[in-house]
1. Would you work out if region 222-324 is rounded, prolate or oblate? Take a ≥ b ≥ c from the square roots of the eigenvalues of the alpha-carbon gyration tensor; rounded if a/c is under 1.5, else prolate when a/b is larger than b/c, oblate otherwise.
2. How many nm separate the modelled label positions at residue 364 and residue 343, each set 7 Å beyond the Cα in the direction of the Cβ?
3. For region 227-286, take every pair of Cα atoms, bin their distances at 5 Å starting from 0, and report each bin as a whole percent.
4. Counting other beta carbons within 10 Å of each residue's own, what order do 371, 144 fall into, fewest first?
5. Length gain on complete extension for the stretch residue 186 to residue 382, per 0.36 nm per residue less the alpha carbon to alpha carbon distance?
6. Binned at 10 Å from 0, what are the whole-percent values of the Cα-Cα distance distribution for region 252-300, short to long?
7. With a cut-off of 18 Å, note down the residues of region 225-251 whose backbone N falls inside the zone around a label point 7 Å from the Cα of residue 315 toward its beta carbon.
8. Longer than 20 Å from Cα to Cα, which of 97/299; 139/183; 101/363; 139/363 are they? Say none if no pair is.
Amino acid sequence: PAKSKNVESFFIHLLASTCLPPSLDGEANEAMRHFSSMFNGLARSFSMRRGKNSSNDDGREAAETMAKDAKKHDMILRSSGFVNVDGSNNLASVCSKRGRKGVNQDCAIVWEGFGSQADMLFCGIFDGHGPWGHFVAKKVRESMPSSLLCNWQETLAQTSLDPDLESDKKHQRFHIWKHSYLKTCAAVDHELEQYRKIDSFYSGTTALTIVRQGDIIYVANVGDSRAVLATNSDDGNLVPVQLTVDFKPNLPQESERIIQCKGRVFCMHDEPGVHRVWLPNEESPGLAMSRAFGDYCIKDYGLISVPEVTHRHITNKDQFVVLATDGVWDVVSNQEAIQIVSSTPDKAKAAKRLVEFAACAWKKKRKGIAMDDISAICLFFHSSHHEVNLVTTSK
């Protein structure tokens, strides 16, 4: 009983600390208040039903309802365009361009007010591959946010943020998010394997996501997409800081795991320098990344869906972060990317300009090679745009 009371008190404190700022008004205010009441119900669900098998299902259902309502109130973007909710410092620009290999297998999402929290945002970019890759990418995009929200709420309900030192609290919050991400990725991959409408045996997707909570960003990466932060150095120059590792099979820790699991890593004769993952006795599937959702044909041979989770405190020097698929980074350097984004007068068009630059670079640097799908999200931390809620453009 005492422990339950502590959990209840914690949620009361948590909800009190997430009051809506005065700058949120009109429809955005009404939407956020509606989400807050849903969050309150979700919190009660976890505090009252801990230990019961049905609690996770209830939490997932509530999280999915939040997602539907957020979409209804134009707080979720799933296509090229930009999102900026009144009262928020965030502005996210999104663009995706189909390559020359068929259907566009990239997709993205931006969810402002994530989890009914006025100071939270979720964004992610997904790069599918294989015959069903575009379906796999969209399935993971749809499943991950609500699953993460559910696991985060559940972990919060089981955790007490008691440390007196603020540094200890930040450290504990990071571990809450890391634990939530680890549970989420395992659950999403398992759910995908059981989902009979999509054949993900020889198809999969990467997933690079960020949660911004106040002045902290939590980054989780599965695959070879990349997040690059643009920050001002002490001498005033804008410099890139790579926040993620490109999980390629040639990385020592990745190849070691794959080989220990009896998988193989080697380059094809016509692709020197491009290391791929292969089955022990077959010339397939030849994956160019060492972590992914799906691809169950090789999950027993070293491919994993475990994310690398990191965090960073955002300061006034940090301007924006770029999330992009390897279609961008194959032909654009980190420095080039942040220069292109920072020099774009209209922030809402930053992702489109970066994608168009990458498409031109493909023609110059990769002649004779079919252009990959190219997608990017540019998340600005100190937006001064407050005149629109959501604008989308089809690509």
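Coordinate-derived values only; no laboratory data. Computed from a prediction, not measured in an experiment: that's the story for all the values here. Positions of Cβ are generated from backbone atoms using ideal geometry, with glycine treated the same way; all protein chains shown enter the neighbour counts.
1. Prolate.
2. 1.1 nm
3. Spelled out per bin, shortest first, that is 4, 17, 18, 16, 11, 8, 9, 8, 6, 3, 1.
4. So the ranking, lowest neighbour count to highest, is 371, 144.
5. That works out to 67.2 nm of additional length.
6. 27, 60, 13
7. Of the residues in region 225-251, 229-243 have backbone N under 18 Å from the label point off residue 315.
8. Pairs exceeding 20 Å: 97/299; 139/363.
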